[in-house]
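*Asks:* Here it is: the structure, laid out below.
The values are calculated or read from the model by the stated rules, or taken from the named source; none is laboratory data. Computed from a predicted model, the values in this text were never measured in an experiment. Here the Cβ positions follow ideal geometry from the backbone for every residue, glycine too, while neighbour counts run over all protein chains shown.
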Amino acid sequence: MAEVREMTVGVLGGTGAQGKGLAIRWARAGIDVVVGSRKAERAEQAAAEIAETSGGRVRGLDNAGCAAAADLVVVGLPWDAHAETLQALREPLAGKIVVDCVNPLGFDKKGPYALEVPEGSAAQQAEALLPDSRVTAAFHHVSAVTLADLAVTHVDLDVLVLGDDREATDVVRGLADTIPGVRGIYGGRLRNAGQVEALTANLIAINRRYKAHAGLRITDV
């Protein structure tokens, strides 16, 4: 397994709250981070903010540049941009570990709910669009607010990592472990990603009800 701290980690959607929060924590851990966005200018602005907050090494590029520059790429895109963006990045993402953390959710007056995805999940859609990549799924249940607040020195959370490539899931578990307090836990094959993504709707409902930033812990492991 490659030493995670020696890898360059790209974050597609790094200008959004979740992507920015993850980038802050990884940059803080000493990992080189590349933030990707549709527009390079937005990525550069976000990278400067992340670098200032984390004190780490962060740069911003457009999505294609981010995919090409990184050794491992985390997909934190809005769901409505997921398919189109990944389809265009098939070549620069070939051979790389891709970590999909997208939650296809809808919201109405009753609250959050899981959307139906023809492929079964966002991660499985990514796998179909990126046949030459090593697609995994992880980081679905991490509070963006908690990640961005470095006053929280211990993030009380387990990250479920799913995938069919065991070496790739081990690398992603190692990436999760670089955030203080977080454990990466193998959560099964990629075909099981749908219920993990959907569980985010329940966590949002919990957090709204209790005014919290709840996550998950796996017992007896």
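*Asks:* State whether the residues of the range 8-30 include one that is surrounded by fewer than 21 Cβ atoms within 10 Å (Cβ to Cβ), modelled with pLDDT of 95 or more, outside any helix (DSSP H, G or I) and among the β-branched types (Val, Ile, Thr).
*Replies:* Yes, there is a match, as at least one residue in the range 8-30 is surrounded by fewer than 21 Cβ atoms within 10 Å (Cβ to Cβ), modelled with pLDDT of 95 or more, outside any helix (DSSP H, G or I) and among the β-branched types (Val, Ile, Thr).
*Asks:* Can you confirm whether residue 200 is without any contact (Cβ under 8 Å) to a residue 40 or more places away in the chain and either in a helix (DSSP H, G or I) or among the polar types (S, T, N, Q) (or both)?
*Replies:* no
*Asks:* Also: Could you please find all residues in the range 56-112 being within 12 Å of residue 11 (Cα to Cα), without any contact (Cβ under 8 Å) to a residue 40 or more places away in the chain and either part of a strand (DSSP E or B) or hydroxyl-bearing (Ser, Thr, Tyr) (or both)?
*Replies:* Once the filter is applied, which keeps residues that are within 12 Å of residue 11 (Cα to Cα), without any contact (Cβ under 8 Å) to a residue 40 or more places away in the chain and either part of a strand (DSSP E or B) or hydroxyl-bearing (Ser, Thr, Tyr) (or both), the range 56-112 yields 58, 59, 61, 62, 98.
*Asks:* A follow-up question, please. What tally of residues in the range 87-115 results from selecting those that are under 14 Å from the mean Cα position of the chain (by Cα) and under 18 Å from residue 130 (Cβ atoms)?
*Replies:* Of the residues in the range 87-115, 7 are under 14 Å from the mean Cα position of the chain (by Cα) and under 18 Å from residue 130 (Cβ atoms).
*Asks:* Give the residue, chosen from 135, 161, 142, 152, that is surrounded by fewer than 19 Cβ atoms within 10 Å (Cβ to Cβ) and β-branched (Val, Ile, Thr).
*Replies:* Answer to the selection: 152.
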